[in-house]
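Student: Please see the structure below; I have some questions.
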Amino acid sequence: MPIRVLLAEDHELVRSGIRALLEASGEVHVVGEADNGREAIDLARELQPDLVLMDLAMSGLNGIDATRQLATVAPDVRVIMLSMHADEQYLFEALKAGARGDVLKQGAYGELATAMKDVMSGKTYLSPSLSPLVMGDYVRRAKGNFNDSAGGNLSPREREVIQLIAEGNTSAEVAELLHISVRTVDSHRHNIMEKLQIKSIAGLTKFAIRSGLCSLH
């Protein structure tokens, strides 16, 4: 039986190319497509696919936070993260959020096919180029030098708010997107700045980009 896949990728051309490769294999059925993290969550809840191929950097809600929310609304759905770069910080945030695999977009299709088979059989898959990052983390933990990633003290809602602010949305626009009041948005922003000891929106934006909370597209 084909693997039922939901494809979440915000570049239509890239998404179409991945879909064509997946369906040409005869082993995959793409049941839906999403161009942002929120749509991916809604479709995963509705369609209950076997697997979500999740772009790391999407506007509105990035792939890491979408994966974290999926663990609650669709716990049986497995996630493989699609990343542009071998970045240690993003990798461990993705795994912490519940991703079962991480594949670099520049890799060959055969690697993605292997990743899907491994993840569907209960394994975790990492691109070979990511393995040194895993070993480096193990060594740091053994030496007691591991520091949790920046933003680890932010709540899921605060992570959503900081991404939307960093992407240029006003408090009113953030409130509308998250279905909360402007006062609540302002309260979240105040709490975020207090936690991070950041005093300006420009500082929040820099933090969001550096921490992988904000789409770099």
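Student: Mind checking which strands (runs of 3 or more DSSP E) fall wholly inside segment 1-68 and carry at least 3 residues that are in contact (Cβ under 8 Å) with a residue 24 or more places away in the chain and closer than 18 Å to Tyr125 by Cβ? Step through it out loud before you land on a result.
Tutor: Numbers: elements: 3-8, 28-34, 51-55.
Where strands (runs of 3 or more DSSP E) fall fully within segment 1-68 and carry at least 3 residues being in contact (Cβ under 8 Å) with a residue 24 or more places away in the chain and closer than 18 Å to Tyr125 by Cβ, they are 3-8, 51-55.
Residue by residue, here is whether (1) at pLDDT below 90; (2) surrounded by fewer than 22 Cβ atoms within 10 Å (Cβ to Cβ); (3) touching a His at 6+ places or on another chain (Cβ under 8 Å) holds:
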site: Ile41; (1), (2), (3): no, no, no
site: Gly63; (1), (2), (3): no, no, no
site: Ala74; (1), (2), (3): no, yes, no
site: Ile80; (1), (2), (3): no, no, no
site: His85; (1), (2), (3): yes, yes, no
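Student: At least 3 residues that are at pLDDT below 90, surrounded by 18 or more Cβ atoms within 10 Å (Cβ to Cβ) and out of contact with any Asp or Glu (no Cβ under 9 Å at 6 or more places or on another chain) in each: list the helices (runs of 4 or more DSSP H) lying fully within segment 108-217 that qualify. If you could, list the steps in order and put the result at the bottom.
Tutor: On the way: elements: 109-120, 131-143, 156-166, 171-178, 182-196, 201-211.
By residue number, 156-166.
The values are calculated or read from the model by the stated rules, or taken from the named source; none is laboratory data. The structure presented is a predicted model; accordingly, all values stated were derived computationally and were not measured. Heads up, the Cβs are rebuilt from the backbone with ideal geometry, glycines too, and the neighbour counts pull from every protein chain shown.
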